[in-house]
1. At a Förster distance of 41 Å, what's the computed FRET efficiency of LEU195 paired with ASP137, Cβ-Cβ distance as r, to 0.05?
2. Suppose we keep just the alpha-carbon trace of region 264-363; what are its Rg and Dmax in angstrom?
3. As an exercise, take the mean of 1/r over every pair of distinct alpha carbons in the chain, invert it, and state the Kirkwood radius in angstroms.
4. Distance from the Cα centre of region 217-254 to that of region 60-139, in angstrom?
5. To the nearest 10 degrees, how steep is helix 19-28 against the longest Cα principal axis of the chain, on a 0 to 90 scale?
6. Taking 7 Å along the Cα-to-C-beta vector as the label spot, tell me the ASN357-LYS310 distance in nanometres, rounded to one decimal.
7. Cβ under 15 Å from ALA25's Cβ, ALA25 left aside: what net charge do those residues give with Lys, Arg +1 and Asp, Glu -1?
8. Could you work out Rg/(2.2 N^0.38 Å) for region 60-117, with Rg from alpha carbons only?
Amino acid sequence: MITYLKSLISNSPTNLISYAAYMEAVLYHPEFGYYMKDKQKIGSKGDFITTSNISNIYGRIVAKWFASVCKKHDLDPNFCEIGAGNGRFAHAFLQEWEKSINTTINYMIVESSPYHLKLQNELIPPRHNVIQVNNLDELEPFNGMIFSNELFDALPVHVIEKENGKLYEVMVGIKKETLYEEKVLLTNPAIHSFLEESMLELKDKQRIEVPLLMEGMVQDISKVLTKGVVVTADYGYTKEDWKHPSRIKGSLRGYYQHQMIDDVLQHPGEMDITTHIHFDWLIQKGEQAELVFHSKLRQDAFLLKAGILKELENHYDPNPFSEVSKRNRAIRSLIMPSGISSFFHLIIQQKDFIDTNLFEEGE
């Protein structure tokens, strides 16, 4: 990886590359990129965990909710998951659909990682007839629901910082085998446009990530979707959140063997890199792309509205290792105020129909 980065940086006109170019290389390079490698990334032996790896209840609840949305709005039972990772969400979703919905469903996965494609094929039984594609546009036109979990937080971002009243872009260079940062005056017009449109005013010494690729991803989703719902599960901040003093250094972080690493120039190609997404920007770009904003819900609130409490079995089981006990603990962990769901929000957007209540009455 270092050899490739040295070549990439030395071939740039200034011997510097943006953080976006760095992240693109270390995360998505076909051979050296973190997400592309034949290496476990999710779970106890990986570098991080996701909600679907805590319990299959998450995928099961989304399956039931999607079935109710299809019935209510005469949507085709087409479900597309962008970036399905190890396939555990899809597996849980399809198990529940087979068990309680028991109608035909078309489940599509958009996945570019050969390693993850292999894991999905190993986990999901062939009878489910899951369609795997490398690019979203292969599904056009699409009627149904497009779902992603921790997709946008992994997109490459530019990094800028304000110093003495001037805006700088933080770039990446290399000396011998060591990567380093260097600030240059901000000249990228797309970043200036982002700041103007999002009405973000940085304080002196404040650093922030700029997700230029987010707009293109939102447009791609809207282009494919003819009618349906877009559900984005991720962690992020609103415009007001970014003003908090604790955000002064931005949110760019690495995760390596379940340890949070502030310096993302460490372990290139061996570490997950992530940022908190700009929720307001996602919603704004969605509206411009004909994705009508429905709601922004914390993940625990979404699960409650989607009926997770109906899954909770209250009868006492003295065996803490029984399936009932394990499932009940998993449900509680997903709805406890201090649990993993407190870190995530779901942005729900609609296209070609408007419904202020996508949930069953009384939920």
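1. Efficiency, from the Cβ-Cβ distance: 0.85.
2. Over region 264-363's Cα set, Rg and Dmax evaluate to 18.4, 54 Å.
3. One over the average 1/r among Cα pairs gives 21.7 Å for the chain.
4. Measuring centre to centre over Cα atoms gives 23 Å.
5. Helix 19-28 sits roughly 50 degrees off the main axis of the chain.
6. Inter-label distance under the simple model: 1.5 nm.
7. -2
8. In units of the globular-protein estimate, region 60-117 measures up at 1.15.
Taken together, the values in this text are just the output of simple stated rules run on the coordinates, not laboratory data. Just so we're clear, the structure is a prediction, and the values are computed from it rather than from any experiment. A quick note on method: Cβ atoms are made from the backbone with ideal geometry, for glycine too, and the neighbour counts reach across all protein chains shown.
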